[in-house]
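A.B. asks: I'd like to ask some things about the structure below.
The values are calculated or read from the model by the stated rules, or taken from the named source; none is laboratory data. Predicted model, so just to flag it, every value in this text is computed and none were measured. Reconstructed Cβ throughout: ideal geometry from the backbone, glycine too, with neighbour counts over all protein chains shown.
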Amino acid sequence: MPANLPPQAKRKWAEVSATKNPQQKIELMQEFLGLVPKHKGTEKLCGQVKRQIAILKREIEEKKRKRAGKGGPKFFIGKEGAAQIVVLGLTKVGRSSLLASITNAKVEVSNYPYTTREPVPGMFQYEDLQFQIVEAPALMKSSAEGEGWGLQTLGLARNADGLILMVDLSEDAREQLSLILNELEEARILTKKPRARVDIERKHFGVGLRILVLGRLIDCTMRDVEELLKSYRISDGTVKISGEATLDDVEDAVLESTVYRPALIVANKTDAPKAVDNLKELEAFVGDQMRIIPISCRDKTGLEKLGREIFESLGIVRIYTREPNEREPSKKPFILKKGTTVLELAKQIHSDFYERFSYAKVWAKHHQNGEGSNRRRRLQYNGQKVGPDFLLEEGDIVELHMKRL
Ligand SMILES: Nc1nc2c(ncn2[C@@H]2O[C@H](COP(=O)(O)OP(=O)(O)OP(=O)(O)O)[C@@H](O)[C@H]2O)c(=O)[nH]1
Ligand SMILES: [Mg+2]
């Protein structure tokens, strides 16, 4: 439902976006809320802004405590490793047991409910990379309204790169999953890939606005998008629209309200008496919407699949670089989004590489020999020269060559 915000509210949001100071942001958000008319179309937006205010307040408190040298509960967990994965679930589903099984984290496993009261991170090794797995305090009904640790847990989920939705197969898993998905939806965190994606990259004043439509605008014209952005005073930067986008999707992106986080379902306690039936029911409910990985932390089964599943859910690739004239590629891969080009890799390494890019040579991990297949080969041979727009794939080894000065 469209928000139909009045111009003053839009202008206020432009101020919200422009400030980095948390205290100021809170005040501007409160002023923004005062300018938003209250009706069905703005309900969720207001809820989301209120949650953001509450989170910012906690953040400020935490900083104050730190400055005063006091401990106290941690609200946020700084990212480490290739990706941060937050584990969500109702109490006693075995989140701590999972961390104890696959990471180095010190966690408390207990048969009492609500044992974990603040987020606990641990590192999980998968082949040559590490994922940071974070146990979030339990979700419960009305978490999105701030019940229990709801604010914190959903804040962690919003900030994560990916989610593990954990359910307990000794009980009705379908009911647990519905509750989790409900709270996520209330907090405007999508786990289903949206049909459209709008990325707004703001730039400094004067560079102008560039709108790239890689997909299609469904209910509006380019002109409408420009008008909308103008009404929010976005006049400098790049706006990238992929998939099938509506004007509402663009507005959602401006208001930073809805986010998409890839998610996996981990169904724990396959050893429990009713696990088989509960898993069947869960599978019927989920269909092919999400991957389900059945495990038992008690028996240590199913865990060996987790690394690959997490890796695949994130839509990332590992790229290894090699210095020209060296034999071995880098041990540590660059972690990039699927669909990244050679030039984007160069940009990540160093602005110099980007500005002076000449060509690259690429070796594929799995060299496809085209025999018997009609598929056009991505590379004719290994070590082939490619241009800046060449699309990289998982496991590629890349040698970047720069223009001489
Ligand atoms: N049968 C069985 N029990 C398990 C399994 N995994 C964990 N448990 C038990 O489930 C209970 C809760 O486990 P925790 O890992 O503490 O659960 P949690 O999700 O971290 O719960 P809170 O932090 O308290 O919200 C403990 O008694 C565990 O021993 C499993 O695979 N099978
Ligand atoms: Mg726990």
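A.B. asks: For the stretch 264-312, name all the residues that are within 16 Å of ligand 2 (Cβ to nearest atom), touching an Asp or Glu at 6+ places or on another chain (Cβ under 8 Å) and not basic (K, R).
C.D. replies: Within the stretch 264-312, N268 is the sole residue that qualifies.
A.B. asks: Which of the strands (runs of 3 or more DSSP E) contained wholly in the stretch 188-278 include at least 3 residues that are surrounded by fewer than 19 Cβ atoms within 10 Å (Cβ to Cβ)?
C.D. replies: Values: elements: 196-202, 209-213, 237-245, 263-268.
Counting at least 3 such residues, we get 196-202, 209-213, 237-245.
A.B. asks: In addition: Cβ contacts < 8 Å: first residue farther than 21 Å from D249 by Cα, restricted to the stretch 2-29; second residue charged (D, E, K, R), any location; separation 6+ or different chain. Result?
C.D. replies: Between residues of the stretch 2-29 that are farther than 21 Å from D249 by Cα and residues that are charged (D, E, K, R), the close pairs are T19/K25; P22/E59; I26/K57; L28/K12; L28/E15.
A.B. asks: Still on this structure, please answer the following. Quick one: E31 ticks every box in (1) out of contact with any helix residue (DSSP H, G or I) (no Cβ under 8 Å at 6 or more places or on another chain); (2) among the charged types (D, E, K, R); (3) at pLDDT 90 or above except a single one, so which number is it?
C.D. replies: Of (1) out of contact with any helix residue (DSSP H, G or I) (no Cβ under 8 Å at 6 or more places or on another chain); (2) among the charged types (D, E, K, R); (3) at pLDDT 90 or above, only one is false for E31: (1).
A.B. asks: Pull up the stretch 7-53, narrow it to residues that are farther than 27 Å from H204 by Cα and of a type in the set (G, A, S), then point me to the one that is surrounded by the fewest Cβ atoms within 10 Å (Cβ to Cβ).
C.D. replies: Going through the qualifying residues, I end up with G34.
A.B. asks: Please count how many residues of the stretch 52-98 are more than 20 Å from N21 (Cβ to Cβ), among the charged types (D, E, K, R) and out of contact with any helix residue (DSSP H, G or I) (no Cβ under 9 Å at 6 or more places or on another chain).
C.D. replies: 3
A.B. asks: Applying the selection to the stretch 183-198, what residues are of a type in the set (V, I, T) and more than 13 Å from the chain's Cα centre (by Cα)?
C.D. replies: At the first step, the residues of the stretch 183-198 found to be of a type in the set (V, I, T) are 189, 191, 198.
Residue satisfying the conditions is V198 alone.
A.B. asks: Is it fair to say A284 is part of a helix (DSSP H, G or I) and surrounded by fewer than 18 Cβ atoms within 10 Å (Cβ to Cβ)?
C.D. replies: Values: part of a helix (DSSP H, G or I): yes; surrounded by fewer than 18 Cβ atoms within 10 Å (Cβ to Cβ): yes.
Yes: the conditions hold for A284.
A.B. asks: Against the conditions (1) part of a helix (DSSP H, G or I); (2) closer than 30 Å to G339 by Cα; (3) among the aliphatic types (A, V, I, L, M), where does M290 fall short? Just the number, please.
C.D. replies: Unmet condition: (1).
A.B. asks: Please find, within the stretch 117-143, the residue that is farthest from S96 (Cα to Cα) out of those that are more than 14 Å from ligand 1 (Cβ to nearest atom) and of a type in the set (S, T, N, Q).
C.D. replies: S142
A.B. asks: Might you check whether a residue that is under 21 Å from the mean Cα position of the chain (by Cα), modelled with pLDDT of 95 or more and closer than 23 Å to G150 by Cβ occurs anywhere in the stretch 99-115?
C.D. replies: Taking every residue of the stretch 99-115 in turn, at least one turns out to be under 21 Å from the mean Cα position of the chain (by Cα), modelled with pLDDT of 95 or more and closer than 23 Å to G150 by Cβ.
A.B. asks: For L151, all conditions in the list (1) at pLDDT 95 or above; (2) away from ligand 2 (no atom under 16 Å from the Cβ) hold save one; what is the number of the exception?
C.D. replies: Checking L151 against (1) at pLDDT 95 or above; (2) away from ligand 2 (no atom under 16 Å from the Cβ), the one that fails is (1).
For (1) out of contact with any helix residue (DSSP H, G or I) (no Cβ under 7 Å at 6 or more places or on another chain); (2) within 23 Å of K12 (Cβ to Cβ); (3) small (G, A, S), each residue gets a yes or a no:
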position	(1), (2), (3)
G208	yes, no, yes
L212	yes, no, no
E226	yes, yes, no
Y232	no, yes, no
A245	yes, no, yes
